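The values are calculated or read from the model by the stated rules, or taken from the named source; none is laboratory data. None of these values were measured; they are calculated from a predicted model. Virtual Cβ from ideal backbone geometry, glycine too; neighbours counted across all protein chains shown.
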Amino acid sequence: MRAIHQLVAGYANGDAISNEVRAMRDLFRSWGYDSHIYSEQKRILPELRADARDLATHTGDFTADDIVLLHLSIGSDVNDLFPTLQGRKAILYHNITPPEYFRGLQEQTAHLLARGLQQARSLASVAEVVMADSHFNARELVEMGYARPEVLPLVLDFSMLRATPDRRILRQYRDGMLNVLFVGRCAPNKKIEDLLNAFYYFQRYVQPASRLIHVGSYAGMEQYHALLLTRARELQLKNVEMVGSVRQDELNAYFESARVFLCLSEHEGFCIPVLEAMTHQVPVVAYAAGAVPETMDGAGVIIREKKFDLIAEVLGRVTEDAPLRAAILKGQQERMLRYEQQDLGAELRRQLAPLLS
């Protein structure tokens with residue numbers, strides 16, 4: 001049986017790329033292909049090691065008739081092994097964050113990102129099929145020397161987002177406070193310090209009975225996390241909660257408890273939490289960085305300047321102006337309908353067609 005195997009830099013729960021490779025594996029198997037996921041052993045969560053294979057010890061799994069799809073997102077030994085494997089090659093680019101954001105805060109991550117950019121450039125002529133999950137990312141590939149990359153939006157399993165939310169968190173956060181939510185890794189490019197700055201004006205001048213919630217892992221970013229806690233104390237903010245990693249049902253509960261979703265990130269190759277917030281009927285206010293405007297596709301509220309006092313006023317309007325809020329939610333529903341009506345499985349098959357024949 002021919003196979004379509006996928007390579008990833010890491011394999012975890014709650015990770016966007018890991019979620020997509022699982023969805024794609026199900027698709028490939030439904031097409032009648034054998035399909036497995038490969039990564040570096042040290043980057044596969046222990047509880048998932050029965051679900052993914054160590055590439056370094058399984059290079060013999062690949063044959064000349066197979067298709068090998070590399071998900072390119074950060075520096076990894078997997079990227080170096082990719083050209084050496086048997087099989088026809090495809091790349092799906094998820095963006096590599098500029099390493100400068102991590103200098104002085106997490107040098108190891110900065111090194112991996114710089115290595116990833118170098119590897120991405122070296123792979124420009126390796127794959128027969130090249131895809132990116134946004135036009136923003138496709139333009140980056142062209143700048144790195146790739147010819148005619150196609151765009152394949154992220155293949156998402158929305159059923160997880162609509163699963164029953166955790167009741168304990170719903171009870172805890174539906175307490176009359178106005179919840180401002182951001183979901184994303186605790187990473188410098190996410191500019192969580194700017195969330196704190198905007199929330200300062202919002203809590204002080206617009207809505208004192210408010211809470212800022214950040215959901216996202218800060219593993220490996222402890223120094224940045226500590227700086228954020230210090231900044232929150234300096235601003236004398238109340239009710240700032242950085243809850244770290246959570247289960248899917250807990251994440252759903254945080255979305256259900258939110259009055260508004262605020263994203264002030266400066267570098268995004270797609271920004272899945274924007275779509276997650278829209279799925280949960282939470283108005284989105286987001287800074288126009290990277291692929292964010294493309295992902296929002298005319299819905300929500302786009303911020304083009306980081307004037308924190310004005311952002312606070314926008315949050316006030318979005319949370320309290322009923323007609324405006326209803327119009328925003330209607331636009332977001334229409335955006336999600338457009339996204340979910342795409343047959344991304346068929347589009348993936350079309351883009352892989354040169355390798356499937």
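Tabulated data
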quantity	calculated
Candidate set: the stretch 167-215, residues that are of a type in the set (Asp, Glu) and within 22 Å of the chain's Cα centre (by Cα); chosen: the one surrounded by the fewest Cβ atoms within 10 Å (Cβ to Cβ)	Glu193
Condition met for Phe261 (out of contact with any Lys or Arg (no Cβ under 8 Å at 6 or more places or on another chain), assigned to a strand (DSSP E or B) and under 25 Å from Ile96 (Cα atoms))	yes
Any hit, the stretch 156-164, residues being of a type outside the set (S, T, N, Q), buried (at least 18 other Cβ atoms within 10 Å of the Cβ) and either at pLDDT 95 or above or touching a Phe, Trp or Tyr at 6+ places or on another chain (Cβ under 6 Å) (or both)	no
Any hit, the stretch 54-61, residues being under 25 Å from the mean Cα position of the chain (by Cα) and acidic (Asp, Glu)	yes
Test: residue in the stretch 324-339 that is of a type in the set (A, V, I, L, M) and farther than 29 Å from Ala209 by Cα	yes
Entirely in the stretch 125-201, the helices (runs of 4 or more DSSP H) that have 3 or more residues that are out of contact with any helix residue (DSSP H, G or I) (no Cβ under 7 Å at 6 or more places or on another chain) and either in the same structural domain as Asn95 (by TED's automatic domain parsing) or basic (Lys, Arg) (or both)	135-143, 167-173
Condition broken by Arg325, with the remaining ones in (1) in contact (Cβ under 8 Å) with a residue 60 or more places away in the chain; (2) touching a Pro at 6+ places or on another chain (Cβ under 9 Å); (3) charged (D, E, K, R) satisfied	(1)
Only listed residue being outside any helix (DSSP H, G or I), at negative phi, charged (D, E, K, R) and in contact (Cβ under 8 Å) with a residue 40 or more places away in the chain, chosen from Glu305, Glu241, Glu266, Glu294	Glu266
